[in-house]
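The values are calculated or read from the model by the stated rules, or taken from the named source; none is laboratory data. Keep in mind that what you see is a predicted model, and the values were worked out from it rather than measured. Every residue, glycine among them, receives a Cβ derived from its backbone with ideal geometry; neighbour counts consider all protein chains shown.
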Amino acid sequence: MDFQVVVLAGGFSLVPLVSKEVPKALLPVANRPVLSYVLDLLEQKNLKDLIVVVEGESAALAVSAWISSTYIDRLHVQVAAVPEDVGTAGALRAIHRRLNAKDILVVSGDLVCDVPPGAVAAAHRRHDAVVTALLCSAPVSGPSDSGSSGAKDKAKKPGRYNIIALDPTKQFLLHIAAGAEVEKDIRVQKSILRAVSQMEICADLMDAHMYAFKRSVLLDVLNQNETYQSLRRDVLPYLVRSQLRSELLSNGVQSDENGNGTDAMQNIKILPSQLLANASTPSFHELFALGPDGSASMTRKTHKCCVYIANKSKYCARLNSIQAFSDINRDVVGDANHLSGYSFSAHNNVIHPSAVLGSKTTVGPQCVLGDGSLMGDKCSVKKSVIGRHCRIGSNVKVVSSVIMDHVTIGDGCSILGSVICSNVQLQERVVLKDCQVEAGFVVTAGSEYKAESLAKNEKL
Amino acid sequence: MDPRRLPRTVTDPKVRHVGFFAPVGPPDESMSSPPRQTTLSPPVAGYSLSPVMIPPPRHLSSDNAPLSPLIAADSFLPVGSYNPSEFSSPSATEDFSEDNFSKDTGWVLNENSGKAALKQNTHAASGLTPVITNEGPPMEAQKEQPPASSKPKKEKTTKSERRALQEAQRTAKAAANAGGSKKSAAASAVVNSANANTKKVAKAPPRKKDSSSVAASEKKGGDRQTDKDRKKDIPHPRMQFDDEDQVEKAKKRSVVKQTESRNRVELFRHLPQYEHGTQLLDLESKFFQLDTVHPAIYAVGLRFLTGDISGGNARCIAMLQAFQESIKDYFTPMEKELTRDLPTKINGYVSFLIQCRPLSISMGNAINFLKHKIPELPSTMSESEAKASLLSDIDRFINEKIILAEKVIARHAVTKIRDGDVLLIHGSSSVVEMIFLCAQELGKQFRVVIVDSRPKLEGRMLLRRLLGKGISCTYTHLNAISYIMHEVTRVFLGASSVLSNGTVYSRVGNASVAMVAHQFHVPVLVCCEAYKFHKRVQLDSICFNELGDPDDIARVSGKEDIKYLNDWASIQNLQLLNLIYDATPSDYISMIITEYGMIPPTSVPVIVQEYGEHLLI
């Protein structure tokens, strides 16, 4: 279908969960790296030729090792390493030589969703847009969000909620702003408003970071604006802003088109009202005949920024905060368990056959217990994910938490709404509530923490 | 300039068929049908059968040929213009079983002529009784025979019509067979009711007796036919969607999953009626799986489906350009020939496009053009040359047959616009728009009345464009047509297709505009490019039509508060019918303007014959 898929699997934002050893793309969600959700989705839709862009060499090595071990023979993946801190736009700039298809589908590696990417691509093709963004309804934060993740992460999760302006048909994007960046008022361009005459501003939609770009336009923008760092913050708003006066872009667009047919299709939309008012504009075919020289006489050139709004029944979330991490873990084993790829037992949970449970230990519904994990007696696990080869003592309570691999938990611990990374050791009678524990950390016996992030350097 | 024929009375059968439930008066004598049928139909109609049931006597002989020695001797074939498949397929099984029934009675009549036959006949169908008593039994057999005048007409039936007829008969027979075997026990219970159900029962025994072997052989033929169809991989353009077998087979082939809508309009069951929302979603989610479909074709299909591209010319051009794209990217696979392999590819694309939206007749013509071009390529030609030749052929088609044709039509039509004229247009037609712009450039003083109709309201865009050009306009809706027609001096209509009996097949509503204009003695000029002409004959807009999304008429655009019909699908006894096209009888059309000149509707066959072949060169 002449589409190329780029998965952006960078990011080190989620301190303390993410470390050098575990890049963000490999964070386990229900005991599978988060990247696998995107790759599975793409594979399922017959997209087998992918480019995965990872920030940093070491992370790239880790990711490519994982991909080649998991998806060998199934996917054809090129892993590209880009320097850290170049941003999403920079990452695409770095790999622009590898892009050769007509359109590029850019997917964020931390996306967990079941929206068919084909829908985005189809909307893109249908309108011959320069960019099409996938929007989904913003997740309603789970009940366990009481003061979680702390104020530290506030700054780190911008754009969680977007302010998005759409035309009445909900097909075109007129304005987009990250919710965190909007202080009090938003500024909407008068020209766009005048052209559309009616604008719908939504706060309940989230930009899911799945974009379809026209390659020529994307590369033009990236080349002409060297300072652009991020697709979301720079490129997309720029395209949206300039959609009624795309002096720079139209040349690129036209040179890319092979034949005056598609050119003319764009010429039809000379009237901005025609462009925006209704998609069912009868394409008036005299304009077909005009060709490139006909378009030269035009005063206004435009391009289209489209959106595809996912159905409310579809699950869509981004792992871009610690809160989101717990939420997604909960959802993937709970409401959206078709994503996890596990077959759930009659009790609505997944217990690996090699896991050993002590006597009187209960594992409630919506739980996942990885292989080789040992649990002592009288434990209780509710709505939690426990990784592989964990050793859990007796009388341990785990509620709404994520425990990664190789964690040792002493007797009598109580873990509530927390995230415990790999190789952590909890000694006896530790009580954790809404905490994050960095990999390899040792929590001393009897300590109690509430809403804290436990990391080595903090300890030192 | 007034080639109109004698105006018909309101009892014109065509009008009756559009209205469908209107009571029927005596038919006009000016009808060009065999006299037999004029004597037959009034009594039938008098029993207020639905009009679909009127034709049976006409087909009496059509199915008879293999059965009755008497008729076979006459070597009579069905008359072209009364092709039953054209005429009366609203609910084919029911209809054709009726057809068969009359045939069977005819058989009985021929064998046991005399009073006994008459008696049986009166028992079988009360509808026929008056005729028989009037004409007397000995006359009846005579009546069965076609009048000699119909013979020349036989020659006129085109291949496609004959084929459609044949197929219709086949389906009817298959249906009748199934019905017969089921109900043969109850067959003796012949009742005097006009109910089609009981008629099915009635016809069962004779059919079993004498025509089963014939039917069997026919059936075999049918299977062969479907095999061929499968190979071609294109759903038959005139597929009857009330035939479950055909629908099942088509479903297996189809790329796009289509859910049939629940509240289907009974009369239009033979047309595809799908849930419109689901198609798009399915197509979208399959975006990357449809490897066989070229991206350009996919995009065009998607735009057809969503209505982004509408209008005959625009759709045709978009399709041809998508074909160009796909031909550019085409490479002949190893050990295959371009002239053999490319047509199958294109067939696949065409079937994909049909699933997105049924093709218009003009698009069918364009596809035929392309398909004729491919085998003509010399085998010595290299692949790149062959591709270049095809591309330039398509370009030429677009330029000459569509764009240039429009310019020529505009030049012709402008001569019919005088200063002070008030011109009426319904909907939005690209040719007519061009005519107006042309007239404006020539400095003619005129006013335009744009008549629009829901649900598409295409006239608004046209209005905006015309106003932008400085043409003074009046905008009104179809409801006000009789009011506005007083001021109008010319009516310009576009057309989706012009059929060889002069019928104009176009956007729904055009027929009523033409009729009102005719009543007001306003000339109706239909502007249509010659590539849209088709040799088919169509008398009503029921047999072949397209059904749009019924939700469109339930919704009022811009008025979200009007939602009385929001959950209409859950109302059991409500069906919404959103027809896309209608057929305007030639009597209401003063003139058809093509690039070959201005012709009366009666001369359409000339264009089809003289220039139809020319299309393919």
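Here are a few things to note about the model shown:
- Within this structure, B:Ile398 passes the test of being under 30 Å from B:Gly468 (Cα atoms), buried (at least 18 other Cβ atoms within 10 Å of the Cβ) and within 14 Å of chain A (Cβ to nearest Cβ).
- Conditions (1) within 14 Å of chain A (Cβ to nearest Cβ); (2) touching an Asp or Glu at 6+ places or on another chain (Cβ under 8 Å); (3) under 19 Å from B:Pro295 (Cβ atoms); number of the one not met by B:Lys387: (2)
- Unmet requirement for A:Met206, which otherwise passes all of (1) out of contact with any strand residue (DSSP E or B) (no Cβ under 6 Å at 6 or more places or on another chain); (2) at pLDDT 80 or above: (1)
- Residue list for segment B:547-560, restricted to those being touching a helix residue (DSSP H, G or I) at 6+ places or on another chain (Cβ under 6 Å) and free of Cβ contacts under 8 Å to residues at least 60 places away in the same chain: B:Ala554
- Verdict on B:Met515 being at negative phi, at pLDDT below 90 and among the aliphatic types (A, V, I, L, M): no
- The residues of segment A:57-92 that are in contact (Cβ under 8 Å) with a residue 40 or more places away in the chain and not hydrophobic (A, V, I, L, M, F, W, C), listed by number, are A:Glu84, A:Gly87, A:Thr88, A:Gly90.
- The set of residues from segment A:372-389 being within 12 Å of A:His406 (Cβ to Cβ) and out of contact with any Leu (no Cβ under 7 Å at 6 or more places or on another chain) comprises A:Gly372, A:Ser373, A:Leu374, A:Gly387, A:Arg388, A:His389.
- B:Ile317, sole failed condition from (1) within 12 Å of chain A (Cβ to nearest Cβ); (2) under 18 Å from B:Glu376 (Cα atoms): (2)
- Test for A:Tyr238: is it surrounded by fewer than 20 Cβ atoms within 10 Å (Cβ to Cβ), under 23 Å from the mean Cα position of the chain (by Cα) and either modelled with pLDDT of 85 or more or not aliphatic (A, V, I, L, M) (or both): yes
- Meets criteria (crowded, with 21+ Cβ neighbours inside 10 Å and modelled with pLDDT of 90 or more) for B:Phe323: yes
- Selected residue (only one of B:Tyr531, B:Tyr611 is in contact with a Cys (Cβ under 9 Å, 6 or more places away or on another chain) and closer than 17 Å to B:Ser362 by Cα): B:Tyr531
- Taking the listed residues B:Cys527, B:Cys473, the one that is closer than 22 Å to B:Asn545 by Cβ and away from chain A (no Cβ under 14 Å) is B:Cys527, with no other qualifying.
- Restricting segment B:320-339 to residues that are part of a helix (DSSP H, G or I) and over 14 Å from B:Ile394 (Cβ atoms), the residue that is nearest to the other protein chains (Cβ to nearest Cβ) is B:Leu338.
- Meets criteria (more than 17 Å from B:Lys401 (Cα to Cα), among the aromatic types (Phe, Trp, Tyr), touching a His at 6+ places or on another chain (Cβ under 6 Å) and surrounded by 19 or more Cβ atoms within 10 Å (Cβ to Cβ)) for B:Tyr588: yes
- Residue pairs whose Cβ atoms lie under 8 Å apart, sitting 6 or more positions apart in sequence or on different chains, and linking a residue in segment B:375-386 that is of a type outside the set (Lys, Arg) to a partner that is surrounded by fewer than 11 Cβ atoms within 10 Å (Cβ to Cβ), are B:Glu383/B:Phe331.
Listed here are the residues, each with its yes/no results for (1) in contact with a Phe, Trp or Tyr (Cβ under 8 Å, 6 or more places away or on another chain); (2) free of Cβ contacts under 8 Å to residues at least 40 places away in the same chain; (3) within 14 Å of another protein chain (Cβ to nearest Cβ); (4) surrounded by fewer than 22 Cβ atoms within 10 Å (Cβ to Cβ).
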position: B:Val488; (1), (2), (3), (4): yes, no, no, no
position: B:Val508; (1), (2), (3), (4): yes, no, no, yes
position: B:Lys535; (1), (2), (3), (4): no, no, no, yes
position: B:Asn545; (1), (2), (3), (4): yes, no, no, yes
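- Residue within segment B:340-362 that is more than 11 Å from chain A (Cβ to nearest Cβ), aromatic (Phe, Trp, Tyr), in a helix (DSSP H, G or I) and more than 16 Å from B:Ala386 (Cα to Cα) present: yes
- The residue that is surrounded by the fewest Cβ atoms within 10 Å (Cβ to Cβ), counting only those in segment B:547-585 that are hydroxyl-bearing (Ser, Thr, Tyr) and part of a loop (DSSP other than H, G, I, E, B), is B:Tyr564.
- Meets criteria (among the aliphatic types (A, V, I, L, M) and over 20 Å from the mean Cα position of the chain (by Cα)) for B:Ile592: no
- Residue check, A:Leu339 more than 25 Å from A:Leu35 (Cα to Cα) and under 27 Å from the mean Cα position of the chain (by Cα): no
- Enumerated helices (runs of 4 or more DSSP H) restricted to segment A:57-139, each holding at least 3 residues that are in contact with an Asp or Glu (Cβ under 7 Å, 6 or more places away or on another chain) and within 14 Å of another protein chain (Cβ to nearest Cβ): A:117-127
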